[in-house]
Each structure stands twice: as C-alpha cells, then as structure tokens.
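These notes are about the structure you will find just below.
The values are calculated or read from the model by the stated rules, or taken from the named source; none is laboratory data. Bear in mind the structure is a predicted one, so any value in this text is a computation, not a measurement. Please note: Cβ atoms are built from the backbone with ideal geometry, for glycine as well, and neighbour counts cover all protein chains shown.
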Amino acid sequence: MASERAIPQPCHFEEARNGWGAMPLQYKDGLAFKLVGVWERWDACWYAKTATYGYTTDGGTAFFPLFSMLERVVALFGPHVVVAGMLLNVVVATAALWGLYRIVVRDVDAATARRAMLLLAIFPGALFLLAPFSEAVCLACAVWAIERARAGSWGAALVLAFLEGLSRPVGGLVALPLAWLAWRQRPPGRRAALAAAAVVAAPASGLLYLAYTVRVVGRSMFDASAAWGTESFHAPWEVFAATVAWIRRTGDPLQALDLTLLVVFLVLVVVGIRRLPADLTLYAVPQLYLAWSRLLPTPLTSTPRYLLVIFPAFIVLALLLRERRAHWAYAILSLLLLGALANEFVVGDFVG
C-alpha cells in the first residue's frame, strides 16, 4: 500500500487482477504520490502501460490508441507518461472548451458560450479532463471536427475526425454530424471530396485499429472488451430497472447520482432537439443512447465520464440557466459533486 493513509497505491486493482509483470513507473510516496500517484488509477494505468510497452494480449486493446500515442510523444520531452497524460489533458481540455465557445458564440451569443464552457468545466465528471484518461482528447477532437466542418474547413475536419475515431469506441459517431453538415453545405469540387473523406474518416480509423488488434496484437478490441463485460447492450428501460433495483438493494449513492445524471441528460438532449442545430443533435442522441444501454455488474459504472463528452447537453443547460441565481445555484451544486467524485477517485473507489 502507498504510504499515505489507507489510500491504495497506484494501479492497485490492475496489479492484483491482471498480475502485471511489467508496470509503468508509479509515484507511490510523498508529494509525488499526492499530486500524481493518486491519479494513476483504472484506465489511466492501461494507457500508461500501453504508452510504455505497447499493446499485448492482456486486454489492453480495449483501450483505443490515440491517448497512449500522445502520452508517449509528450513523454519524449521528459515527463513520465502519467505526468505527460495529465499535462496533455490540461492542454486538450482547454482546446475543447475554446472550440465549444466558438460553436456556441456563432449559434447564440458570447454570454451563453461562456456559460456552456463553465458548466462543462465544473460538471461532476470533469475530473476526467485532468485524470490521464482519454475523454479530454475525445471531446476536443469531436468539438473541433464539428467546428471546422461548420466553417467549411473540410481538410482540418478530416484530420480531426480520423483522430476522433482512434480516441474511443464512440469516436466513429462524429460521422453523423459531419454527414449532415456535408449535405447541407454541398461544397463544390475538391472540397466535396474532402467532405466525403471527413465523413468516413472516424469509422475508417476505428476499423483500421480493429484490424491492427486482430492481425498484429492477436487479440481484437472486441475480445478485450468482452473480458471487461462491456460487449452487451440492453434496452434503456432494462438498464433503468436494474439500476433502481441495485440502489434499493445496496443504497449505493454513486449509482443514484449516475442515474440522476442520465435522466438529466435525457431531458437536456430531448429539449435540445428543438433548441439546437441538427448537427449537434445528431452527435448527442446516439452518444446518450449508448450511455443508457450499457448494463455492467455495477449497472451504471463510468456514467459521468461517458456523459462528459456529450457537449451539446451543456449548451442546452446554458440556454436554460440564463437567470443568474439559477445558474449559480446549479454551479455550486455541480462543484460540490465534482469535489465528491474527485475524492472518491483519488481514494481508490471506482467512479469511472
């Protein structure tokens, strides 16, 4: 165990469950543990291990490659891969928030854009914008792919969509808003070819990664995901019923929060169908459906970070919270929940 109280050492779960013989560098003591080691948990350990040693058949192919690749690149300049991942996330999360501002200020106004940025930044799941997980990279690529496509910069959208497909399994869904934007704009000549390529870029890069896991690593990402129990999907009402039954049986406050967040996002996305442009709705709806259709042994595991990337919901929330007192009341509640989840994370409880 780490020397600080009863807080588990970095990667304690992975080391116990998977018997890793080769471990990435860990910060287990002193100030380094308090600042960095407490963030070396769960997926962060898999990304650090992949960035350090590459993929093997131990289940790491469930974790898409973009974040590990970027961690490794940043680590070339000196920091350990976990520190590199945290520094990387600070930069890309800032970029994602700036991209969100650009989208909202064009559709609505600057005040709403600033409010949407704040609401996303203090969302209870926003701790994963710092923790060395892949959500910040996924969010930034999606936001900027849509923003660049809206601006008619299809070459940049193509690159960003390709990267988005390598960020997370849901990355390919960015093809839906890009397809809508391409149809609406109908760009001529060479830009039409770029737009078509941008539409298929995210699914294509995901398929390339699948081929790599099968042919080179020898264990597909689907096989690895099945080992984590994430390969099956269920009707949303089945997930709702299972979660309510779990909460009644265990009194689990984290699951109660996860279910509440899912219901809130459902309301926001439904409201957004009328309030938001179609491209943003096309991005949000399938993401939310997937969040509602996962049923794990602990039913809604990781829900806050899956909701974090559904950025159109924060635009709707910003539109609804125009009244100053309502806005700040929500902000204070959200900050309190963010602090509670961050505390649960650093002391070793699984919140994402």
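Set side by side, the residues Leu166, Leu176 differ, and just one is in contact with a Phe, Trp or Tyr (Cβ under 7 Å, 6 or more places away or on another chain), farther than 20 Å from Leu120 by Cα, of a type outside the set (Lys, Arg) and surrounded by fewer than 21 Cβ atoms within 10 Å (Cβ to Cβ), which is Leu176.
Of the numbered criteria (1) crowded, with 24+ Cβ neighbours inside 10 Å; (2) within 17 Å of Ser68 (Cβ to Cβ), the one Val91 fails is (1). For the stretch 124-157, what are the residues that are surrounded by fewer than 24 Cβ atoms within 10 Å (Cβ to Cβ), within 18 Å of Ala197 (Cα to Cα) and of a type in the set (A, V, I, L, M)? Passing the criteria: Ala151, Ala156. Which one is nearest to Ala342 (Cα to Cα), of the residues in the stretch 101-134 that are under 15 Å from the mean Cα position of the chain (by Cα) and part of a helix (DSSP H, G or I)? This residue is Leu127. No other residue among Leu257, Leu295, Leu210 is farther than 30 Å from Asp109 by Cα, surrounded by fewer than 17 Cβ atoms within 10 Å (Cβ to Cβ) and not β-branched (Val, Ile, Thr) apart from Leu210.
Selection of the stretch 285-323 for residues being within 21 Å of Leu97 (Cβ to Cβ) and either in contact with a strand residue (DSSP E or B) (Cβ under 6 Å, 6 or more places away or on another chain) or not aliphatic (A, V, I, L, M) (or both) yields Gln287, Pro304, Arg305, Tyr306, Phe311, Pro312, Phe314, Arg322.
The condition of being in contact (Cβ under 8 Å) with a residue 24 or more places away in the chain and more than 10 Å from Ala202 (Cα to Cα) holds for only one of Leu119, Leu173, that being Leu119. In the set (1) of a type in the set (A, V, I, L, M, F, W, C); (2) over 24 Å from Val216 (Cβ atoms); (3) at pLDDT below 95, the condition left unmet by Val81 is number (2).
When Ala204 is tested against (1) surrounded by 15 or more Cβ atoms within 10 Å (Cβ to Cβ); (2) under 23 Å from Gly125 (Cβ atoms), just one condition goes unmet, and that condition is (2). Being closer than 25 Å to Leu87 by Cα and over 18 Å from the mean Cα position of the chain (by Cα), is that true of even one residue in the stretch 158-180? Yes, that holds for at least one residue. For Arg184, state whether it is crowded, with 16+ Cβ neighbours inside 10 Å and over 21 Å from the mean Cα position of the chain (by Cα). Spelling it out, it is not the case that Arg184 is crowded, with 16+ Cβ neighbours inside 10 Å and over 21 Å from the mean Cα position of the chain (by Cα).
In the stretch 201-211, is there at least one residue being free of Cβ contacts under 8 Å to residues at least 24 places away in the same chain, in contact with a Phe, Trp or Tyr (Cβ under 8 Å, 6 or more places away or on another chain), in a helix (DSSP H, G or I) and not basic (Lys, Arg)? Taking every residue of the stretch 201-211 in turn, at least one turns out to be free of Cβ contacts under 8 Å to residues at least 24 places away in the same chain, in contact with a Phe, Trp or Tyr (Cβ under 8 Å, 6 or more places away or on another chain), in a helix (DSSP H, G or I) and not basic (Lys, Arg).
Tell me, yes or no, whether the stretch 99-118 has at least one residue that is at pLDDT 95 or above, touching a Ser or Thr at 6+ places or on another chain (Cβ under 6 Å) and within 26 Å of Arg324 (Cβ to Cβ). Yes. Checked against (1) at pLDDT below 75; (2) in a loop (DSSP other than H, G, I, E, B); (3) surrounded by 13 or more Cβ atoms within 10 Å (Cβ to Cβ), Ile7 passes all but condition (1).
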